[in-house]
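The values are calculated or read from the model by the stated rules, or taken from the named source; none is laboratory data. None of these values were measured; they are calculated from a predicted model. Methodologically, a virtual Cβ is constructed for each residue, glycine included, from the backbone with ideal geometry; neighbour enumeration extends over all protein chains shown. Heads up: the accessible areas ignore ligands, DNA and RNA and are worked out on the full protein's heavy atoms, side chains in. Shrake-Rupley method; radii C 1.70, N 1.55, O 1.52, S 1.80 Å.
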Amino acid sequence: MFHLPLRRRLRFRLPLHDFDPNPAAFYSFGCRIAIASPSHHELSFVHLLTGERFRLPYPPAPFCRLLLSGDLVLAFVPTVGRAVQYRRLGDVEWRVASCTEPYVLEDLIFLKGNLHVLVRSEDVGGLCYRLAVANLSDKNTVELMFFGDNLDTQAAHGSSYFCLAECLDELLLISAVGDCPEEFHVFRWQSMEGKWTRTTSLGDCTLFLTYFYFVGCVIPTKGMTCFSGYYFASSLGSDHPGVRRDCLYFTDAKRKWIEYSLADGSCDEFVAENLEGAARPDSDFRAPVWVFPSMC
């Protein structure tokens, strides 16, 4: 692990299998890490501080994202898929719910107990993005209740991807511009007007993204670390020395993280040379993932 504010490397060992021909993927949920091991056909959830652990069978269909809310686990493929695999702790098997054409699930996030979805469709004018609340029905369908209008065409133009986020219980939409990306745009959902409005202020908070995805929100009171794995993002309050305010921290699979300021558009890159496994070739290196051991 690498402690970001202190710029120090820390050691932490997760309970991995001794031999795994297919390297495990990691997903973070604050103080919990999910380890996805396709070779051993299981998902393992581990509490970073207590070591508490529970396992689930591996989802039957491919996935690259996990969401966790209470006892509900979701597995899905954003930007291209229409189906969500889901399972509650104690269920006998995974279930699948799909949304009908022409909608594609661009991204999902839990906020205040509701599953919010950004869906994408096509019309004669090009791609359309809309916000909805999703219900996973017993009929194996994703029932969508839409809010407001389509995302403004100008906001969608030039974006390489979108992801949903949240900060201080407010729903956000993050747009990455360019393939690298070169910059980020953040939009705040205005429920009264039913539309997205761009913002350059996060109320002194900080957003964290890993490899194009945001999951969850936390305002902890202690430090944070960075663990080499997969997909997590969160937000921090303003009382963390060494962490920039109104800033996005983004990691990718190229051994680096980016600090992007929403206030002035400045962008600083940091190479993660001191992470465990950094000597491996780029093809074997996964994006570092943000974790927050102090979130209990």
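I'm checking my understanding of the structure. Among residues of region 141-157 that are among the polar types (S, T, N, Q) and surrounded by 12 or more Cβ atoms within 10 Å (Cβ to Cβ), which one is modelled with the lowest pLDDT? Ranking the candidates gives Thr153 first.
Here Leu172 meets each of (1) under 30 Å from Trp94 (Cα atoms); (2) open to solvent by 10 Å² or more (accessible area, probe 1.4 Å) with one exception, condition (2).
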